[in-house]
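Report on one structure; see the data block that follows.
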Amino acid sequence: MEFNHYSVLLGESVDALGVRPDGIYADGTLGGGGHSYEILSRGAGKLIGIDRDKDAIAAAGERLKEFGDRFISVNRNFCEIKDILAELGISGIDGAVLDLGVSSYQLDTAGRGFSYMHDAPLDMRMDRDQTLSAREVINEYTEDELTRIFYEYGEEKWSRRVAHFIAEKRKKKPVETTGELVEIIKAAIPQKARAEGGHPAKRVFQAVRIEVNGELKILENALRDFVEVLNPGGVLSVITFHSLEDRIVKQTFAELAKGCTCPKEFPVCVCGGKPRIRLLNRKPVLPSETELSENSRSKSAKLRTAVKL
C-alpha cells in the first residue's frame with residue numbers, strides 16, 4: 001500500500017516556521033512527508049526528516065527525492081534529536097514540526113494492527129524492530145497493569161472491567177487479533193455505554209498504542225530537547241490529537257515560557273530562571289471548516305507553536 005497521510009494543519013504549522021532559504025529544519029515525525037515537502041518547497045536550505053517507521057522513511061525518500069541532498073532522512077525516534085544533530089555535525093536548527101498523530105497509512109494498513117476497524121494480528125509498533133507489541137501488552141501485562149494503562153492513557157471509565165474480561169479470556173487462549181480484542185471490549189462495556197462517544201474500542205486501542213510506543217513517556221523531554229537545539233528565533237510547531245498529549249505540550253510550553261520556578265508567595269525571583277520560549281498562540285490553532293470537511297480525522301487536532309528566545 002502507498003504511504004498516504006493527510007498532513008493535518010499543514011499550512012498553519014509551516015507558516016509559523018517562517019521558512020528561510022538558508023535555514024535548517026527538522027520534521028520529527030516524517031510520516032508521508034507532507035510537512036517536509038511543504039518546508040522544502042518554501043526553500044529551506046536543509047530538512048532533516050525523522051521517523052522510526054521504515055515504511056515512512058522509504059516512502060518519504062521517494063516523494064522528496066526531487067530536493068536532492070537538501071533532504072536528509074533518519075530512521076530514529078524524534079526524542080533522539082540531540083544525538084541525531086550531533087552525528088550530522090549540525091549545531092542548531094531554525095525550526096521543527098512534530099505531528100504526533102498516527103499516519104493514515106498505519107491506520108488503514110490492516111497488517112499493522114493499529115485500527116479497531118480491521119481484523120489483524122495485534123501489533124501497533126511504529127518501529128517494527130522493537131520487541132514489545134500490542135500482543136505482549138494484552139496477553140502478558142497483569143490485570144492491574146492493564147487497568148492502569150486503559151485509565152491513564154485511554155481515559156476509559158470501564159478500564160477495570162475491560163481488563164478483567166481480557167484476563168478471563170486469555171486464560172483459555174491468547175488474544176491474537178484486533179478483532180478478538182474489539183469483541184472482548186464490546187462484551188465488557190455495557191450496551192448503553194457503548195452507544196455513547198463513538199466506537200467502544202477507541203480508547204482502549206489508543207491506550208495500548210501509547211504503551212507499545214512509549215509515546216507519552218518521551219514527550220516532555222523531547223520537547224525540551226527540541227527547544228534546546230533551536231537557534232534563537234527558531235520555531236517549534238507541535239500538533240496533538242488527544243488531550244493527554246496536548247496537556248503535556250501545553251504545560252511544558254508554559255513552564256519554558258515562564259522561566260521562574262519560585263513559589264508564588266515569593267515577593268521577588270531568587271531562582272534566576274529566564275523564559276526560554278515565547279508562545280506564538282495562547283490558545284491552540286484548530287483545523288478550519290474546510291480541512292474538517294476534507295479529513296474527518298483532523299477533528300481532534302490542536303496546534304501549539306513557540307519561538308526560541
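Note on the chain: with a GNM built from Cα contacts shorter than 10 Å, the maximum mean-square fluctuation among Lys171, Lys46, Lys258 falls on Lys171. Which of Ile24, Ile189, Ile239 moves most in a GNM of the chain, Cα contacts under 10 Å? Looking only at Ile24, Ile189, Ile239, the biggest GNM fluctuation is shown by Ile189. The calculated 222 nm mean residue ellipticity attributable to helices in the chain amounts to -12500 deg cm²/dmol, summing -39500 (n - 2.57) over DSSP H runs of n ≥ 4 and dividing by all residues. Which aspartates and glutamates, if any, have their Cα less than 18 Å from the Cα of Lys171, not counting same-chain residues under 8 positions apart? The qualifying aspartates and glutamates are Glu136, Glu140, Glu143, Asp144, Glu145, Glu180, Glu183. Accessible area per residue for region 6-73 is 37 Å², calculated with a 1.4 Å probe on protein heavy atoms, without ligands, DNA or RNA. Using a probe radius of 1.4 angstrom, the carbon and sulfur fraction of the accessible surface of region 1-125 is 48%.
Under 8 Å for C-alpha pairs, at least 6 residues apart: give me the relative contact order for region 263-309, rounded to a whole percent.
Values: 38 pairs, mean separation 22.3, N = 47.
Over region 263-309, the number comes to 47 percent.
For a paramagnetic label modelled at 7 Å from the Cα of Cys269 toward its Cβ, which residues of region 231-258 fall within the zone defined by backbone nitrogen distances under 17 Å? Zone members listed by number: 253-258. Only beta bridges with both residues in the chain are counted; by DSSP, about 40 percent of them are antiparallel.
For region 222-293, applying the loop criterion from DSSP together with a ceiling of 13 other beta carbons within 10 Å to the chymotrypsin sites (Phe, Trp or Tyr not before Pro) yields no site. Run down the lysines and flag those whose C-alpha is under 19 Å from the C-alpha of Lys173, throwing out any fewer than 8 positions away in its chain. Straight-line reach from Lys173, under 19 Å: Lys186.
Hey, what did region 73-199 get for relative contact order, percent, Cα under 8 Å, at least 6 apart?
Details: 109 pairs, mean separation 23.4, N = 127.
Result for region 73-199 is 18 percent.
Counting only C-alpha contacts under 8 Å and six or more residues apart, can you give the relative contact order of region 1-126 as a whole percent?
Working: 217 pairs, mean separation 34.3, N = 126.
Computed over region 1-126, the figure is 27 percent.
Computed from the C-beta positions of Glu176 and Ser296 and an R0 of 22 Å, the FRET efficiency is 0.15 to the nearest 0.05.
The values are calculated or read from the model by the stated rules, or taken from the named source; none is laboratory data. Everything numeric here is computed off the predicted structure, so don't read it as measured data. All Cβ positions, even for glycine, are placed from backbone atoms using ideal geometry, and neighbour counts span all protein chains on display. We work out accessible area using only protein heavy atoms, side chains counted, and drop any ligands, DNA or RNA first. Shrake-Rupley method; radii C 1.70, N 1.55, O 1.52, S 1.80 Å.
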